[in-house]
Amino acid sequence: MGFESGAIYNEEVTDPTRTAGRATIIAVSLIAGFYALSAWAMVVGVGPSQVIGQSQELGPDLMFAFLADHAPVWFVDLANLLFLTSLLAALVAFHNIVARYFFALGRDRVLPTFLARTSRRSGAPVAGSLTQSGLALVVLLVFAIAGIGSTDPLFPVVTLFTWLTNMGAFGLVLLMGLTALAVIGFLRTRRDEYSTWTRIIAPGIAALGLFALFVAIVANFDVLIGAREPTVLSWLLPAIVLVPGLAGTLWALTLRRRDPHLYAGIGSGGSLG
């Protein structure tokens, strides 16, 4: 997840028609190759007959436990450091994405226009970035307060990470599936510009795969959040993701009725505003 974000940087590159596409293909190829190699190496290292049992017993610690048995302590520490820095890189990347969405929606006047403010020196979407930071701080404080009475000192961190990452996956897969359908709808009248593969087949395959994955996530959400059986959280957490989406849809329909010109300019970079 995240490879599709190359498109949001189109306004910042010299060749918007090609750069995002090339970057996406390179990213997907590198990620797929790295994951395949890593999975193969883990199976060979632990043993094909043992890797499932070890994974069930140790969970995410399997890789570090394996390294602890076969590598010096400094190498295990380095692996942990690389893991932490990769999480930081992922958080920065997602932060940039959200900040740019705030900027774009503010510029198109879908959200308050102050979100379109940028840094005079760098041009970065500073208002969107600060808004995202503020929202993140509120969420962190809620989980910190909720964990005050817990006997587990790691409760706020573990719960925050487990709940929100799976909520994020739930929402992102749904959005990507809907985007694939939107591509088909958007390109349906552009037969002279794009091939049938680009207009229908590729996004259609993507939509089918993504919605199949979405159904699997919904059906197994209690497992993803670490619950031993279905609980109220199994539907409450996905609902928290869906409610803003429904609110956004209603707001879009309201804008289309109240201000058709503004609605038509959404996504135009403010050129129709």
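Points to keep in mind about this one:
- Computed from the Cβ-Cβ distance with R0 of 41 Å, the FRET efficiency linking Arg228 to Ser119 stands at 0.25.
- Computed from Cα atoms alone, the Kirkwood hydrodynamic radius reported for region 71-149 is 14.8 Å.
- Among the protein heavy atoms of the chain, carbon and sulfur supply 70% of the accessible surface, probe 1.4 Å, non-protein parts ignored.
- Scattering profile of region 1-58 at q = 0.30 Å⁻¹ [log10 I(q)/I(0), Debye over alpha-carbon scatterers]: -1.09
- Net length gained if the chain between Ala136 and Arg256 were fully extended (0.36 nm per residue, minus Cα distance): 40.1 nm
- For the chain, averaging the sequence separation of C-alpha pairs within contact (under 8 Å, six or more residues apart) and dividing by the residue count gives a relative contact order of 13 percent.
- Taking max minus min of the alpha-carbon positions on each principal axis, the chain gives extents of 63, 49, 44 Å, largest first.
- The C-alpha radius of gyration of region 152-272, expressed as a fraction of 2.2 N^0.38 Å, stands at 1.37.
- Electrostatic dipole magnitude of the chain [Cβ: Lys, Arg +1; Asp, Glu -1; Cα centre; debye, to 20]: 1320 debye
- Per residue accessible area in Å² of the chain, where ligands, DNA and RNA are left out and the probe is 1.4 Å: 68 Å²
- Summed residue charge, Cβ within 11 Å of Gly128's Cβ, Lys/Arg positive, Asp/Glu negative: +3
The values are calculated or read from the model by the stated rules, or taken from the named source; none is laboratory data. Note that the structure is a prediction, hence the values are computed from the model and not measured. Note that we place each Cβ from the backbone using ideal geometry, even for glycine, and neighbour counts take in every protein chain shown. Side chains are part of the model used for accessible areas, which takes the heavy atoms of the whole protein and leaves out ligands, DNA and RNA. Shrake-Rupley method; radii C 1.70, N 1.55, O 1.52, S 1.80 Å.
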